Amino acid sequence: MVTAKSPQSAAQVATQPSWLSRTLQDHSRALNASLTQLMRKPIATLLTAFVIGLTLALPAGLDTVLRNLDVVGDSLQGSMRASLFLKDSVDADRAQELSRSLGKRPGVANARYISREQALEEFKQHSGFGEALDLLKDNPLPAVIVVTPDHHAPQAQTSALLKELSNLPEVEQAQLDEKWLQRLYAILDLVQRAVLVIAAALALAVVIVIANTIRLDIERHREEIEVMKLIGAPDGFIRRPFLYTGLGYGLVGALLACAMVAGAGMLLAPPAHELAGLYDAEPALRGLAPEAVLAVFGAALVLGWLGAFWTVSRHLHQIEPD
Amino acid sequence: MADIVFFHRVSQRYGEGPEILREVSFRLGDGEMMFLTGPSGAGKSTLLKLIGLLARPQAGQIAVLGQNIGQIRRSRIPAFRRQIGMIFQNPSLLADRTVFENVALPLVIRGHSGADIGRRVRGALDAVGLLSKEKALPPTLSGGEQQRVGIARAVVAKPKLLLADEPTGNLDPQMAREVMQLFMRFNEVGVSVLVATHALGLIQRLPYRIEHLEHGHIDAIARGDAEAAPAAAQENSLGHG
Ligand SMILES: Nc1ncnc2c1ncn2[C@@H]1O[C@H](COP(=O)(O)OP(=O)(O)OP(=O)(O)O)[C@@H](O)[C@H]1O
Ligand SMILES: [Mg+2]
């Protein structure tokens, strides 16, 4: 047997580590405890993470689909044009000048003037009514300026531009082929909001799944928690490994979610390719955006922590040694 | 600080059962060592639990380490308990951690460094004669060995107050004597010690105060060698009014 040392021994004071190293040490111990706990039942851990992954993959996948539709819309916008039919009172010089000035406007990629004669010529060639038109005394066709918007410009700006052009004094009538595109954008906007609502609901589901899983973990560790409380462990110390467990579930869930979306993307690539071809759109299928990957990981970690914190705070108080 | 533990007319019962403690008053001075005896079911464990804030008294006042424990808020309980080393009738060890890890727990929650923990834990295990079992899991130990692990855990962080509930219950006479000597050595360096025990034969010859708890009342029934007793042990055992 060894003699008990003085409780006020100098060594005790001297070996108190700094706050930083204490914190790091506490956290690495908690992380270690949490990992041990997760590894002890790998199947259950994976199942929980899989459910979380699926839940996160749904909004992430929808977001990817939306991004691709957006790309399709954008490339269709490139083929969108406005035909400005000029008043008969506008002479050729004035029309040409107008066409040049339109071509220089920001948001306009190209403006092409087609005189009445050229219009008639083109019409004859394309329509096959050549001889019939020769019978006409007057040329019935108006002069046209065909404006192609810059497809890099935002959609709203392009719409405003085309509206403005149709109100020019020289323009008799403007024909805009953008209606259906506007509808596409409106639908995309609606779906985007729906994705947000769905994501919020699923976030709640993730919190509940994690909270419930950790509630069971706490129940399994009831005796240990009692002993910890007996020897005066602070709540934060007891809570920490469970918070790491929540973060762990979130992390693995996020990895699985990204893997699921990437997998679905690979399955969908060939048909998407074909579709893009039909619409003259950029053929490459976009995968998960880097921001979306960040969002999935960020959300998963935050939700995992929240779920764990919520359930631990609720149940830790109910476990008291007696 | 005069008293480490101060009970003033403390009463306690479980549910609708009989009163286990009836207006019990006593005090344990700073640096004092005291034994609490009494028949099984007398309420010794109940009294120790009140000191460790494992239960709140239904009536009366308790002060521990200078704090009125009725005023200690829930959030302050862990810090309060860290000042006390508690040895329980059942050792409450973590079955899936080694002996070393169990004894290290009080140091881990205080944030001691790994090297420091190793040194102190081995010191405490050596003191209870279990250095060779540091890698064993508690379920593989005998009852007495488990009890000694609990003792090592209670003393490893050098508490100001040591509470021991039947610490020698599972020990052979030789080991029981050694454990009592360990407590005495702690007391010699200023730790206040309160030991509940049946083992009258073991303690009667020791120079410490012995209080007897029975029928809810506490009385000084026996004194050891009064001349050799520390000064604090010679004071009147009953609390003042
Ligand atoms: N949690 C409880 N609920 C109800 N009754 C209890 C509880 N704990 C103890 N008791 C009762 O209180 C009385 C005193 O119990 P306590 O454990 O304090 O006695 P003790 O003096 O420590 O006995 P022993 O020497 O056998 O350990 C006993 O009659 C016991 O049945
Ligand atoms: Mg008892």
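The values are calculated or read from the model by the stated rules, or taken from the named source; none is laboratory data. Being a predicted model, the structure only gives us computed values, none of them experimental. Using ideal geometry, Cβ is built from the backbone for each residue, glycine included, and neighbour counts are taken over all protein chains shown.
Observations
- Residue within region B:57-76 that is within 11 Å of another protein chain (Cβ to nearest Cβ), over 23 Å from residue A:236 (Cα atoms), within 15 Å of ligand 1 (Cβ to nearest atom) and touching a helix residue (DSSP H, G or I) at 6+ places or on another chain (Cβ under 8 Å) present: no
- Test: residue A:218 is touching a residue at least 60 places away in the same chain (Cβ under 8 Å), closer than 21 Å to residue A:320 by Cβ and assigned by TED's automatic domain parsing to the domain that holds residue A:298: yes
- Scan of region B:145-181 for residues that are away from ligand 1 (no atom under 16 Å from the Cβ) and either in contact with an Asp or Glu (Cβ under 7 Å, 6 or more places away or on another chain) or of a type in the set (A, V, I, L, M) (or both), ordered by number: B:149, B:151, B:152, B:154, B:155, B:156, B:157, B:161, B:162, B:175, B:179, B:180
- Look at (1) within 16 Å of ligand 1 (Cβ to nearest atom); (2) surrounded by fewer than 19 Cβ atoms within 10 Å (Cβ to Cβ) and you find that residue B:114 fails only one, number (1).
- Residue-level analysis places residue B:114 among those that are facing chain A (nearest Cβ under 8 Å) and out of contact with any strand residue (DSSP E or B) (no Cβ under 9 Å at 6 or more places or on another chain).
- The one condition in (1) among the small types (Gly, Ala, Ser); (2) within 16 Å of ligand 2 (Cβ to nearest atom); (3) over 18 Å from residue B:151 (Cβ atoms); (4) within 11 Å of chain A (Cβ to nearest Cβ) that residue B:79 fails to fulfil: (2)
- Selection status of residue B:55, within 16 Å of ligand 2 (Cβ to nearest atom), closer than 23 Å to residue A:316 by Cα and surrounded by fewer than 20 Cβ atoms within 10 Å (Cβ to Cβ): yes
- Output for region B:85-111, where each listed residue is buried (at least 22 other Cβ atoms within 10 Å of the Cβ), in contact with a Gly (Cβ under 8 Å, 6 or more places away or on another chain) and either facing chain A (nearest Cβ under 8 Å) or small (Gly, Ala, Ser) (or both): B:86, B:88, B:93, B:106
- Residue match in region B:62-71 (condition: within 16 Å of ligand 2 (Cβ to nearest atom) and either over 19 Å from residue B:190 (Cα atoms) or within 18 Å of the chain's Cα centre (by Cα) (or both)): no
- Taking the listed residues A:50, A:85, the one that is assigned to a helix (DSSP H, G or I), modelled with pLDDT of 80 or more and aromatic (Phe, Trp, Tyr) is A:50, with no other qualifying.
- Screening residue B:8 against (1) out of contact with any Lys or Arg (no Cβ under 8 Å at 6 or more places or on another chain); (2) more than 20 Å from residue B:160 (Cβ to Cβ); (3) within 15 Å of ligand 1 (Cβ to nearest atom) leaves a single unmet condition, (3).
- In region B:34-49, the residues that are of a type outside the set (Gly, Ala, Ser) and either under 17 Å from residue A:322 (Cβ atoms) or within 8 Å of ligand 2 (Cβ to nearest atom) (or both): B:44, B:46, B:47, B:48, B:49
- From the list B:98, B:37, the lone residue that is more than 12 Å from ligand 1 (Cβ to nearest atom), under 19 Å from residue B:147 (Cβ atoms), β-branched (Val, Ile, Thr) and touching an Asp or Glu at 6+ places or on another chain (Cβ under 8 Å) is B:98.
- Condition met for residue A:209 (modelled with pLDDT of 80 or more, crowded, with 18+ Cβ neighbours inside 10 Å and part of a helix (DSSP H, G or I)): yes
- Qualifying strands (runs of 3 or more DSSP E) (wholly inside region B:9-85; at least 3 residues being over 19 Å from residue B:161 (Cα atoms)): B:19-29
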